[in-house]
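Worksheet: the structure to be examined is printed underneath.
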Amino acid sequence: MSRIKKTIKNARVGVFFYSITLFIHFFSRKIFLEGLGDEFIGLTSTLQSILGFLNLAELGIGTAIGVTLYGPLFQNNKKEINNIIALIGYLYKKIGLGIFLLGLVVSVFLPFIFSETTINLTIVYFAFFSFLTSSLLSYFINYHIVILQADQKSYVVSSIYQSITILKLILQSVLVYYYQAYYLWILLELIFPIIYSIVLRSRIKKEYPWLILNNKQNKSIIKGYPDVIKLIKQTFIHKIAGFVLGGTDHILIFALVNLKSVAFFGNYQLIFQKLTQLINNFFGGINAGVGNLVAENDYDNIRKVFWEMMALRFLVGGFICVNLYFLIEPFILLWLGEKYVLDQWILILMLINLFISQVRTPVENFKNAYALFWDVWAPIAEVVINLSVSLIFGMMWGIKGIMFGTLISLLVIVIFWKPYFLFKYGFKKNVLEYWKGFLKLFLTLIFSLLLIWWLVKMFYTVNVNNYFDWFLLSIKISFITLMVYVPILLMNRGFRDLMYRFNNIIRKKLFKKNDE
C-alpha cells in the first residue's frame, strides 16, 4: 500500500473504534464514580502517574527504533529488521527488570504517600502491583509492536487494543454496578492486558512470519548500532519533557490540592484524551509516512506537505477547541452533576494547551523524521520551566496554576524553539518562512474565533436541559464553526493544496468504482 492508502486505512479503523468506545468510556466512568467513589478513581489515576515516572527509563527507545526501521522496511531488508527488533528486545528486557526493581522500592513508600486516604492499604498495594505487572508486559512481550507502527500498520494495534478495551470496560461496568468491588475492578485491569499481549503477539507473527519473535541476543548486539544508542540517549531526554507535560498533572494536583480533585480534573482530562485519541487515530501512520517522505529528499514536496499538515491541524485544533468551550460544561452537568464542573479558567487553559498540542504535531513529525534529537537542552529547560511555574502558581491558584505552568513551557520551547530547530537543521531554510505561514494561519484562527463566538452568543443558547438539547447544540455549533472557519482558511495556500489533494483522492476512488 502507498503512504496515503495506509494513512487512510489507519484513520478509518481508528475512527471506527473510537465511535464505539467513546460512549462506553463515558458511560463506564459514571458507573465507576458512583460505584467506587471519587477517592478510589483519584487513587488509581495517581498510581498510574507514579508508574509513569518508573516508565521514564523506556522513553526514547521506541521513537529511536521507529526512525531506524524506516529504511530497512522501505528496502524490505528482513535480516536488518530482525536485528533491530532483537536490539529493542534486549534493551526492553533490561529496562523491564529495572522498572520492576524500582517498583519494589516505590511500594515501600506507598503507606506514606497515601497516609491520608480512607481506602484500605491492601487495595492500594493490589492496584499498584496490578498496574506494574500490566506495564511490564510492554517490555517483555509487546516490544514487537514497534514494527507495526513504523510500517504504518497502526490499524492492527488499534483494532486489537480497542476491542479488548471495550470488553474490559463492559465487564468492569457490570461488576461495579452489581458488586461495587474494588478487587474485581483491579483484577480485570490485570487480566485484559495479558489477553491483549497474547493476541497482539499472534497477529504480529501472522503479519511478519519471517520475524524472529524470541531472538535472544547478548550485550554484543549494542556494539553493532552505536548510532541507534546515541539516538536513544537523545530521544530519552526529549520524551521526559513530554511525560512531565502530560504525566505529572495528577501528581501535582494530588500534592497541591487533594485526591478528590484528581478525579474531578480526570473527568475533563478523559474528554480531552478521547478527542486526542480520535485525532491520533485519524492521523495514524502519519509519522511513518513523513519518515518515508523525508527519505525521498524532495524539498518542494516536503514543504508542500508540511504546510498542508499545518493547515489541517489548525482546522482540527480550532474546531475541537471551539466546540469544547461551548459544550463541555453543559455535558459535565448532564453527565455527572454540578459538583464536577471546574472553574472556567481551568477549561480555557486546558483548551489553549490542547490547541498547541495540535499545531505542534507537524513540526514534531518532521523533526523526528530528520532524527533531530540532539538539542537535549530544550527538553531539560521545558521540564524546569513546567515544574517550577506549576509548583509556584499551583500553590497559589491550584489546578489553574498547574495548567499555567504547562502553557508557559509550551510557549517557550514548543512554539518558539522547535520550529527554529527544524527549519535551520532539517529543512535548512530561514525560520522566517515558518513564522510567515504560522502567523497567517493564526490570524485566520483569531478572526474566525471572534466571529464564531459572536454568532453563537447572538443566536444560540448554551443552556441545555437534557442530552437531546445538548446534541442539537453541538450540531449547531459544529455547523457554524465549519461554515465560518473553512471558507476563511481557504485563503491559505496550504489549506487549498490540502483540499486539492483530498479532491484528487476522492475522484480516483470514484473513477475506480466506475471502471469496476
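The values are calculated or read from the model by the stated rules, or taken from the named source; none is laboratory data. If you're wondering where the values come from, they're calculated on a predicted model, not measured in any experiment. FYI the Cβ positions are ideal-geometry reconstructions off the backbone, even for glycines, and counts take in every protein chain you see. Quick note on the areas: whole protein, heavy atoms, side chains included, nothing else; ligands and nucleic acids left out. Shrake-Rupley method; radii C 1.70, N 1.55, O 1.52, S 1.80 Å.
Of all residue pairs spaced 6 or more apart or on separate chains, those with beta-carbon atoms under 8 Å, a first member in region 481-496 that is open to solvent by 70 Å² or more (accessible area, probe 1.4 Å) and a second member that is modelled with pLDDT under 90 and assigned to a loop (DSSP other than H, G, I, E, B) are ARG496/LEU490.
Residues being at pLDDT 80 or above, outside any helix (DSSP H, G or I) and touching a helix residue (DSSP H, G or I) at 6+ places or on another chain (Cβ under 8 Å) are entirely absent from region 293-302.
Scan region 195-208 and tell me whether some residue there is in contact with a His (Cβ under 7 Å, 6 or more places away or on another chain) and open to solvent by less than 30 Å² (accessible area, probe 1.4 Å). Yes, region 195-208 contains at least one residue that is in contact with a His (Cβ under 7 Å, 6 or more places away or on another chain) and open to solvent by less than 30 Å² (accessible area, probe 1.4 Å). Those helices (runs of 4 or more DSSP H) of region 48-137 in which 3 or more residues are open to solvent by 20 Å² or more (accessible area, probe 1.4 Å) and modelled with pLDDT of 85 or more occupy 78-108, 110-113. PHE254 - would you say it is open to solvent by 40 Å² or more (accessible area, probe 1.4 Å), closer than 24 Å to LEU443 by Cα, touching a Ser or Thr at 6+ places or on another chain (Cβ under 9 Å) and in contact (Cβ under 8 Å) with a residue 12 or more places away in the chain? So PHE254 fails the test. Note on region 341-453: no enclosed helices (runs of 4 or more DSSP H) hold 3 or more residues that are small (Gly, Ala, Ser) and open to solvent by 30 Å² or more (accessible area, probe 1.4 Å).
Going by the structure shown, is PHE502 under 29 Å from the mean Cα position of the chain (by Cα), surrounded by 11 or more Cβ atoms within 10 Å (Cβ to Cβ) and modelled with pLDDT under 90? First the steps, then the outcome.
Working: under 29 Å from the mean Cα position of the chain (by Cα): yes; surrounded by 11 or more Cβ atoms within 10 Å (Cβ to Cβ): yes; modelled with pLDDT under 90: yes.
Against the criterion (under 29 Å from the mean Cα position of the chain (by Cα), surrounded by 11 or more Cβ atoms within 10 Å (Cβ to Cβ) and modelled with pLDDT under 90), PHE502 qualifies.
Within region 454-477, the set of residues being open to solvent by 100 Å² or more (accessible area, probe 1.4 Å) and farther than 18 Å from LEU333 by Cβ comprises TRP454, LYS457, MET458, PHE459. Residues that are closer than 30 Å to LYS223 by Cβ, open to solvent by less than 60 Å² (accessible area, probe 1.4 Å) and touching a Leu at 6+ places or on another chain (Cβ under 7 Å): does region 162-180 have at least one? No, there is no match, as no residue in region 162-180 is closer than 30 Å to LYS223 by Cβ, open to solvent by less than 60 Å² (accessible area, probe 1.4 Å) and touching a Leu at 6+ places or on another chain (Cβ under 7 Å).
So that you can scan it fast, the table gives a plain yes or no per residue for (1) under 25 Å from the mean Cα position of the chain (by Cα); (2) modelled with pLDDT of 90 or more:
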site: ILE346; (1), (2): yes, yes
site: LEU354; (1), (2): yes, yes
site: PRO362; (1), (2): yes, yes
site: ASN368; (1), (2): yes, no
site: ALA371; (1), (2): yes, no
site: MET396; (1), (2): no, yes
site: LEU451; (1), (2): no, yes
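LEU231 satisfies every condition listed in (1) farther than 25 Å from PHE17 by Cβ; (2) out of contact with any helix residue (DSSP H, G or I) (no Cβ under 8 Å at 6 or more places or on another chain) except (2).
Checking the structure you have, find out if any residue of region 25-43 is modelled with pLDDT under 85, closer than 26 Å to SER154 by Cβ and open to solvent by 70 Å² or more (accessible area, probe 1.4 Å). No, that holds for no residue. Taking the criterion of being of a type in the set (S, T, N, Q) and out of contact with any helix residue (DSSP H, G or I) (no Cβ under 7 Å at 6 or more places or on another chain), would at least one residue in region 179-191 satisfy it? So far as region 179-191 goes, no, none of its residues is of a type in the set (S, T, N, Q) and out of contact with any helix residue (DSSP H, G or I) (no Cβ under 7 Å at 6 or more places or on another chain). Condition (residue is over 19 Å from SER409 (Cα atoms) and modelled with pLDDT under 75) applied to region 272-282: is it met by at least one residue? Yes, because at least one residue in region 272-282 is over 19 Å from SER409 (Cα atoms) and modelled with pLDDT under 75.
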